[in-house]
Amino acid sequence: MTDLSVRIGDVVAKNPVMLASGTAGYGPELSGGLDMSRLGGFVTKGIAVHPWEGNAPPRIAETPGGMLNAIGLQNVGLEAFLEDKVPYLNRMRTADTVVAVNVIGKTVQEYHDVAKGLRGCDAIDALELNISCPNIKEGGIAFGTDCVAAAEVTAATVEGSDKPVWVKLSPNVADIASMGVAVEEAGAAALSVINTLLGMAIDLEKRRPLLSLGWGGLSGPAIKPVALRMTWQVSQACSIPVLGMGGIRSAKDALEFMVCGATAVQIGTANFANPNTAAEVVDGMTTWCDERGIERISEIVGTLNA
Amino acid sequence: MPDSRSTVLENRDLGGGVWLLRFRDPTIADDVGPGQFVMIACSPPYEPLLLRRPFSIQRVEGDVYEVLYRDVGKGTHRMTKMQVGDEVQVLGPLGNSFTMPRPDETAVLLGGGVGIPPMVALADALEAAGHTRWAAYVGVSGIVDEGCFVGFDERWPNDDRVRRATMDGSIGFEGHVVAAWLDRGITGPTRAYACGPMVMLRAVADTAGTHDVPCEVSVETMMGCGVGACMSCVIENRAYRDGDEAARKSMSPYDRWLLACRKGPVFPSDRIVLDDGGFLH
């Protein structure tokens, strides 16, 4: 039987399959349709230092091969998170599932404050920074679209935290590899590649957007080729581990990301269509490796012939 | 809340784009409350990803349950192609249920179009609980979509407690369901329940408010997952919108938008803002 365990810096996961932030709440939400103990890891919905209300509906729209969302990072805030959500995360850790908390903020200071507030919290293995949030001090331009701002917010979070900091890169940039290099130099322990691609869908007859915000983040199988390309580029340019994500819904998809350089993968939108996707991916990976006599799944990481 | 495979027993075209879908599935039919819903996968998993669609459960009998749906878009159109014997991935039952009335209260059930099914479920639950003091006012636009009455037609074909209304007067009372309700009058302790288009829910809530009748509504919103993970299906908290500065400050901004799948789909009508900005219907 293949050893599915992987190492993301100092964090060891029993298998490379995780749930992506914003697609599985804080854990209990998906537990009716998925045995959470099967997961190698789990990334929570983004947490800010204070609660955020999120956007007005409609917040989602289905598009060919995917969906757009503009939830607006509605979240309970750090205090309620520690009080209400951490007990469940503790249970997941007991089941040997890696737990990462996705961190959001509107200023560098806010990211730092969340990181500081989570110090000493044993339920958590790592932080994952969502740097696609608008930087209100810079006119709302996302931290993740500027190398300097991305490095600054990474360094400030690393400085505030006692945990490894993973950084989730935005694909809405000209050169994602240089973003990866910038946050690696700022102290990131791993890179999550990729966040959603900005997109738009409209109602032709009403001539208005389908999302209240006008546009939103595209996810699902439609973005897989983009995500695969970026996973490959970032893993070539950086020396820290890459977590690959974007449109994964089968073991084959997940394995493709690993061959392109991802040490582990995250499953997101597919959870909505089938909450059991992650468990099916783990099973499919095992079968695939067994059939090929692969002893450790980590052997296949970055083995693309290109 | 298991994810289960339900077998199609019947997929009946009721005309006017309205369909009745009956499934056999003991896992889901086991414990359903009136007002709960299921998330139905409209396409086989090997096709490009398509989000599931939420439908209120209309009736449960043994290990069989049924939903009513209207062919309005890509997902529901695919559902019309489901064949007897097909196995369909269904997640449920999800969400909360209506609060049962006090024994002295008359339960008034108001349903519009494909919002009628949860009223059928509630009438069934009331009967099962021995609460025979209920009246239903159900409305459609006319002959064209009278198929929406199927739940009441099959269960209570000739029952004075069920009043049918059509906007064009082709069947039963001419006018909307609130007019039909007021036409019979509100007497004694009453509790109202409603499901239908937002404009109808607003009219029901206004009428209930005017007559001091406690009222619960089941809302339809755009849902991604049905279990609280995607946070798409929100409806606005009235206390947050209408509250003064002090009231607002005492609340978490997180509670401005309530998840219809977890906190609902049934809400006290005065708790939420009954407005979808015209995005649905």
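The values are calculated or read from the model by the stated rules, or taken from the named source; none is laboratory data. None of these values were measured; they are calculated from a predicted model. Don't worry about glycine lacking a Cβ; one is built from the backbone with ideal geometry, like all the others, and counts go over all protein chains shown. For the accessible areas, the whole protein counts, side chains as well, though only heavy atoms, and no ligand, DNA or RNA atoms are used. Shrake-Rupley method; radii C 1.70, N 1.55, O 1.52, S 1.80 Å.
Here are some notes:
- DSSP-defined antiparallel bridges as percent of all bridges, the protein assembly as shown, nearest 5: 50 percent
- Expressed as a whole percent, the accessible surface of the protein assembly as shown that belongs to carbon and sulfur atoms is 50, based on a 1.4 Å probe.
- Cα-based shape type of segment B:221-281, given that a ≥ b ≥ c are square roots of the gyration tensor eigenvalues and the cut on a/c is 1.5: prolate
- The residue among B:233, A:227, B:114 whose Cα reaches farthest toward the positive pole of the charge dipole of the protein assembly as shown, with charges on the beta-carbon of Lys, Arg, Asp and Glu, is A:227.
- Under the combined filter of DSSP loop state and at most 12 neighbouring Cβ atoms within 10 Å, segment A:262-306 retains these GluC sites (Glu not before Pro): A:295.
- Cβ crowding within 10 Å averaged over residues, with A:222-228, A:97-103 ranked highest first: A:97-103, A:222-228
- Shielded by partner chains, segment B:227-249 residues - at least 40 Å² of accessible area, 1.4 Å probe, vs chain alone: B:229, B:230, B:231, B:232, B:234
- Cα shape, chain A, gyration tensor, a/c 1.5 rule: rounded
- Distance from the Cα centroid of segment A:126-192 to that of segment B:1-77 is 43 Å (rounded to whole angstrom).
- Residue A:202 exposes around 100 Å² of accessible area when a 1.4 Å probe is run over every protein chain in place.
- Rounded to the nearest 100, the interface formed by chains B and A buries 3100 square angstrom of accessible surface, both chains summed, with a 1.4 Å probe.
- Percent of Cα-Cα distances greater than 18 Å, calculated over segment B:106-218: 42 percent
- Solvent-accessible area of residue A:127, all protein chains in place: 0 Å² (probe radius 1.4 Å, heavy atoms, ligands and nucleic acids excluded).
- Three principal axis extents describe the C-alpha atoms of segment A:166-297; from largest down they are 56, 37, 19 Å.
- Of the listed residues A:170, A:250, the order by accessible area with a 1.4 Å probe, largest first, is A:250, A:170.
- Here the dipole of chain B is about 520 debye; that uses its Cα centre as origin and unit charges on the Cβ of Lys and Arg (positive) and Asp and Glu (negative).
- Applying Stokes-Einstein at 25 °C and 0.890 mPa s to the Kirkwood radius of segment B:14-115, computed over alpha-carbon pairs, gives a translational diffusion coefficient of 165 µm² s⁻¹.
- Taking all protein chains into account, the per residue accessible area for the protein assembly as shown stands at 39 Å² (1.4 Å probe).
- The GluC sites (Glu not before Pro) of segment B:42-137 include none that meets both criteria, a DSSP state outside H, G, I, E and B (loop) and at most 16 other C-beta atoms within 10 angstrom of the site's C-beta.
- Solvent-accessible surface ranking, highest first, for B:167, B:82 at 1.4 angstrom: B:167, B:82
- Normalised Debye scattering of segment B:156-220 at q = 0.13, 0.16, 0.23, 0.30 Å⁻¹ gives log10 I(q)/I(0) of -0.37, -0.57, -1.11, -1.35, counting only Cα atoms as equal scatterers and leaving out solvent.
- log10 of Debye I(q)/I(0), alpha-carbon scatterers only, for chain B at 0.07, 0.13, 0.14, 0.17 Å⁻¹: -0.24, -0.86, -1.00, -1.45
- Selection of trypsin sites (Lys or Arg not before Pro), segment A:189-243, meeting DSSP coil and at most 15 other Cβ within 10 Å: A:206, A:207
- Note that the protein assembly as shown carries a Kirkwood radius of 25.1 Å, evaluated over its alpha carbons pair by pair.
- Dimensionless Rg ratio for segment A:12-164, taking C-alpha atoms and the 2.2 N^0.38 Å reference: 1.04
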